[in-house]
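Engineer: What follows is a single structure, and I will ask about it in a moment.
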Amino acid sequence: MSSCETCVVRNRAICAGLDDKELVALNSMGRRRNVSAGEPLIWEADDSLVVANVIEGVLKLTTSTEDGREQIVGVAYPSDFIGRPFGQTSRASVVALTDARVCVFARNDFDRFAREHPELEHKLLERTLAELDRTRSWMMLLGRKTASEKIATFLLEMADRFGDQGCAPVLMPAQRFALPFSRQQVADLLGLTIETVSRQFTRLKQDGVIGLPSRREVEVIDRRALQALAG
């Protein structure tokens with residue numbers, strides 16, 4: 001069987017609308033690649049040479065200031081598409097937060113394939129619009145929500161994105177998951193201090209909303225309470 005036929009995110013990735021013949025053609029262009037935690041896949045401001053589907057693991061999208069300060073501007077989870085098709089330059093670096101597996105395509109080959117297959121172009125447009133909606137929601141979170149609302153919203157999104165990774169198009173939210181972020185990264189992502197993040201986690205645990213089996217693990221005990229706190 002081709003790697004497309006055995007892919008665990010096939011029903012949710014951008015290639016979901018392709019028929020068997022088209023999948024064979026796409027499979028011949030791609031290759032599986034394992035990326036270790038901390039390893040870069042794409043560099044900001046470099047030529048846009050590759051695009052990829054995330055199969056396993058979590059990757060961060062970052063941009064940097066002139067003096068080297070890094071800002072996380074996005075996170076890619078299984079079934080997400082990364083890279084910049086139809087673009088000459090990468091606008092963000094992509095670095096693995098956890099050990100990950102991706103399906104990588106040469107950007108020029110993928111662009112040509114997408115132009116010849118309108119269904120794939122349609123999926124790319126859908127993903128782009130969904131990402132735009134997510135970015136607008138994130139702007140609302142950063143600009144208007146309180147610290148407790150930010151943490152609750154963040155944990156709900158993590159639970160949703162780490163949901164059941166079966167073949168069904170719709171995921172069931174995870175009740176327990178391991179955060180791919182350190183406390184400092186959570187603080188940077190949400191525009192908070194690390195002390196505030198730690199206090200909010202502790203308060204949620206004391207209130208019985210979440211459990212913290214370890215420093216990186218989170219268990220959602222009362223999802224309705226977490227949704228209420230998220231505003």
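Engineer: Show the residue pairs that are 6+ apart or on different chains and have beta-carbon atoms under 6 Å apart, the first residue being within region 54-67 and assigned to a loop (DSSP other than H, G, I, E, B), the second being buried (at least 16 other Cβ atoms within 10 Å of the Cβ) and hydrophobic (A, V, I, L, M, F, W, C).
Structural biologist: Listed pairs, sorted by first residue: GLY57/ALA100; VAL58/LEU97.
Engineer: Hey, among the residues in region 210-227 that are among the aliphatic types (A, V, I, L, M) and without any contact (Cβ under 8 Å) to a residue 24 or more places away in the chain, which one's farthest from LEU190 (Cα to Cα)? Can you show your working first?
Structural biologist: Residues of region 210-227 that are among the aliphatic types (A, V, I, L, M), as a first pass: 210, 212, 218, 220-221, 225-226.
Among the residues that remain, those that are also without any contact (Cβ under 8 Å) to a residue 24 or more places away in the chain are: 212, 221, 225.
Numbers: LEU212: 20, ILE221: 22, ALA225: 20 Å.
Ranking the candidates gives ILE221 first.
Engineer: Same structure again: How many residues does region 22-51 contain that are under 12 Å from SER90 (Cβ atoms), of a type in the set (Gly, Ala, Ser) and not in a loop (DSSP other than H, G, I, E, B)?
Structural biologist: Taking region 22-51 and keeping what is under 12 Å from SER90 (Cβ atoms), we get 40-51.
After this cut, where a residue has to be of a type in the set (Gly, Ala, Ser) as well, the list is 45, 48.
From what's left, not in a loop (DSSP other than H, G, I, E, B): none.
Count: 0.
Engineer: Answer yes or no: is there a residue in region 137-156 that is small (Gly, Ala, Ser), within 17 Å of the chain's Cα centre (by Cα) and closer than 21 Å to LEU18 by Cβ.
Structural biologist: First, pick out the residues of region 137-156 that are small (Gly, Ala, Ser): 137, 143, 147-148, 152.
Checking the rest, the ones that are also within 17 Å of the chain's Cα centre (by Cα) come to 137.
Applying the additional criterion that residues be closer than 21 Å to LEU18 by Cβ yields none.
No: region 137-156 contains no residue that is small (Gly, Ala, Ser), within 17 Å of the chain's Cα centre (by Cα) and closer than 21 Å to LEU18 by Cβ.
Engineer: Looking for something among the charged types (D, E, K, R), assigned by TED's automatic domain parsing to the domain that holds GLN88, surrounded by 14 or more Cβ atoms within 10 Å (Cβ to Cβ) and in a helix (DSSP H, G or I) - is there at least one such residue anywhere in region 124-146?
Structural biologist: Yes, because at least one residue in region 124-146 is among the charged types (D, E, K, R), assigned by TED's automatic domain parsing to the domain that holds GLN88, surrounded by 14 or more Cβ atoms within 10 Å (Cβ to Cβ) and in a helix (DSSP H, G or I).
Engineer: Name, by its number, the condition in (1) surrounded by 13 or more Cβ atoms within 10 Å (Cβ to Cβ); (2) under 27 Å from PHE177 (Cα atoms); (3) in the same structural domain as ALA100 (by TED's automatic domain parsing) that does not hold for MET29.
Structural biologist: (2)
Engineer: Looking at (1) closer than 24 Å to MET172 by Cβ; (2) surrounded by 17 or more Cβ atoms within 10 Å (Cβ to Cβ); (3) hydroxyl-bearing (Ser, Thr, Tyr), find the lone condition where THR6 falls short.
Structural biologist: Against the list (1) closer than 24 Å to MET172 by Cβ; (2) surrounded by 17 or more Cβ atoms within 10 Å (Cβ to Cβ); (3) hydroxyl-bearing (Ser, Thr, Tyr), THR6 comes up short only on (2).
The values are calculated or read from the model by the stated rules, or taken from the named source; none is laboratory data. None of the values given here were measured: they were computed from a predicted structure. Reconstructed Cβ throughout: ideal geometry from the backbone, glycine too, with neighbour counts over all protein chains shown.
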